[in-house]
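The values are calculated or read from the model by the stated rules, or taken from the named source; none is laboratory data. The structure presented is a predicted model; accordingly, all values stated were derived computationally and were not measured. Cβ: placed from backbone, ideal geometry, glycine included. Neighbour counts: every protein chain shown. Heavy atoms of the whole protein, side chains included, go into the accessibility calculation; ligands, DNA and RNA do not. Shrake-Rupley method; radii C 1.70, N 1.55, O 1.52, S 1.80 Å.
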Amino acid sequence: MAIEESVTDALGGPAGDLTEAQVEEMFAGMNEVIRAGEEMRRLRAEMIQTLAGHGWTQDRLARLAGMSQPAVSKQVAKERAGGAADVSLDQSDPPWLEGRLWGLAEELAEALGDGARCARLAHELARGRKRFTPQNVDALRRLMEEDLRDPALGGHPRFTAYRHAYDRIARRLDVPPPAAKGAGPGGTGTGPASARRTLACQIQRVRLRES
C-alpha cells in the first residue's frame, strides 16, 4: 500500500489516469537505468578478472573497487579460459574501435556541453536505444567530425588529444586489419562485443583525461 501511495503521489494523481504512451515512456526510462546498471556490473567483473590476470592482488582490487575481498575472489574464480585479456588501447577489432569512438564521443559531449552534435546519438548508443550498426557508427563519426571543427573546441586543452584519437580510430575503422587466428572478424580481440565496447569506452576516456 505504501508503495502504491508513493507512486500516486509522485505522479500527481491516480496511476490509472496515465496514457499508454506515458507509461511506455516511463518504463523505457526505468529499463535504461536497469540495463546500464547490469552493464556496469558486468564491466566491473571483466575489469577485476582482467587485472587479476595481470597480477593485481585480490586485496588491492577489493580496496580500489570498494568491494569485499570474498566478493572479488568470487569474480576472479569466474575468470574465463584463455588467460588475461588485453587492455592496451591500441587494438583493432571493430567492437574495440567502436568502444573507443563511443568514449571519445562522450568526452566531446562533455567538452562542448549543449553544443555537442554527437551527444544525442552517443547517449542513445550507450543506453541501448540504438545499436552499433555500421550506419549508426558512420552517423556518429559524421557528427563527431562536425564537433571537432567547432571553434568552441579549438581552445580546449585536450583538443589535440581528441583530434589525434579520432584520426587513429577512423583510420582503423576505414581499413580494418586481417583477422588473426582465434580473433573475431577484422581484428585481434576476443570476448563478447558489448563487453569489449564498454571496456574500450572506459579506457579511452581515462587515457584522454590523462593527456
When restricted to Glu20, Glu25, Glu32, the only residue open to solvent by 90 Å² or more (accessible area, probe 1.4 Å) and either closer than 26 Å to Thr198 by Cβ or at pLDDT below 80 (or both) is Glu25
Every listed condition ((1) open to solvent by less than 90 Å² (accessible area, probe 1.4 Å); (2) out of contact with any Lys or Arg (no Cβ under 9 Å at 6 or more places or on another chain); (3) at pLDDT 80 or above) holds for Gln49 save (2)
